[in-house]
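Below is one structure; the comments refer to it alone.
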Ligand SMILES: NC(=O)c1ccc[n+]([C@@H]2O[C@H](COP(=O)([O-])OP(=O)(O)OC[C@H]3O[C@@H](n4cnc5c(N)ncnc54)[C@H](OP(=O)(O)O)[C@@H]3O)[C@@H](O)[C@H]2O)c1
């Protein structure tokens, strides 16, 4: 039985991961669960059902309440040390990294340092510290198995091929809910409208990132680190049906695509079972009923976040960490109705222009840049609020 430590168990990816575990009895087990502590009822239910040895909550204050709900059973620990213990748990064969945002970086690195293979959903880890994380994975001899559907698709399409035979990779993007919304209406879209994703059901942060296309920008950076390709050989195409999850073009002009229904249990199951495959699908694709599959170029005027992410990748050093931090603050502020939808790229671009990026040689460099960028982005949000009289 393959045992997993699941970081971010109460989130959208976490819940889907436990669904895969439940549907494959005897094949996967749970060594540890970890989350922030925002949904203790769900965490207690998961602990009862999956009987992990350890449960970790980022919020130490929430530990006593969870202990009361769970009773005798797993050890329950709190704080960043608790998350690190879950990530490095001795019983774990594989760590699923599915915390949202920058908070995923330190626990994911702890898993790598402990010699665990990592099934990575938390793309922010590679956006912030791709060079450091990939070097640590090489040094520890562990695999980073992508859970993002696009990167899972590329990983699968690359299997059995030589890296030198790849000419480019093409990430597909649904285009989100505002692909065809007139620009003048984009100024007034509400968090509720932005949270209505046309094809995927996901956590709030990634859903807003999908609406701005920052998600695709973060994925370009993630792909650069996982597959070792320069940014100019990573393209993005809008594919509203979310059936073709991504494509690889080879030097002879041949293109291999991976297809499937928009169901994250597919890529999660692939990463959990790797290098094997699961015995049965969770949902199957009937191409006669999928309707037309269409592709179009990205309208870069509409989606400034994708350009900003590419520029940050090109700038290197701590620039992607600054981009990521500013994006997290901008998304949180948009959801709290403190700024408008089109202010999201504005906050990010202004933060990047005000914060010098430096070399990112250590995780401390990255975390320092992250902290300063958050403070800067918060003051930009305030300035925008004052300028419109909020
Ligand atoms: N959802 C998808 O379909 C999808 C697809 C591809 C990639 N991803 C990536 O997967 C990651 C998770 O996305 P999601 O949609 O599953 O997010 P989500 O639904 O918002 O869940 C986030 C999870 O992270 C936990 N968390 C938040 N802050 C934490 C902290 N400081 N310390 C420890 N745990 C913390 C949350 O715990 P609480 O419940 O206690 O707050 C929750 O378990 C993101 O990086 C996203 O980009 C998601």
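Since every read-out is calculated from the coordinates, none of them should be taken as a lab result. Small disclaimer: the values here were computed from a predicted structure and weren't measured. Using ideal geometry, Cβ is built from the backbone for each residue, glycine included, and neighbour counts are taken over all protein chains shown.
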### Message
Suppose each label sits 7 Å from its Cα in the direction of the beta carbon; what would the residue 45-residue 65 distance come out to in nanometres?
### Response
1.7
#### Entry: Cα shape, the chain, gyration tensor, a/c 1.5 rule
rounded
### Summary
When 109, 367, 293 are ranked with the fewest other C-beta atoms within 10 Å first, the list becomes 293, 367, 109
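So for the chain: antiparallel DSSP bridges make up what percent, rounded to the nearest 5? If you can, show how the numbers build up before the last one.
Numbers: 11 of 41 bridges.
Approximately 25 percent, going by the DSSP bridge assignments.
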#### Entry: Theoretical ellipticity at 222 nm over the chain - DSSP helices of four or more residues, -39500 (n - 2.57) apiece, nearest 500
-14500 deg cm²/dmol
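By counting other Cβ atoms within 10 Å of each Cβ, how are 100, 118, 298, 381 ranked from fewest to most? Provide the component values of the computation, followed by the final result.
Numbers: 100 22, 118 28, 298 18, 381 25.
Starting with the residue having the fewest Cβ neighbours, the order is 298, 100, 381, 118.
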### Task
Could you calculate the FRET efficiency of residue 159 with residue 386 from 1/(1 + (r/R0)^6), where r is the beta carbon distance between them and R0 is 41 Å, rounded to 0.05?
0.15
### Task
Would you give the gap between the C-alpha center of segment 272-304 and the C-alpha center of segment 134-177, rounded to a whole Å?
15
### Message
Can you give me the distance in nm between label points at residue 358 and residue 346, each placed 7 Å from the Cα along the Cα-to-Cβ direction?
### Response
3.1
### Rounded FRET efficiency, nearest 0.05, which uses the C-beta distance separating residue 19 from residue 259 and R0 of 22 Å
0.55
#### Entry: Estimated inter-spin distance, residue 337 and residue 187, nm [label 7 Å along Cα→Cβ]
1.9
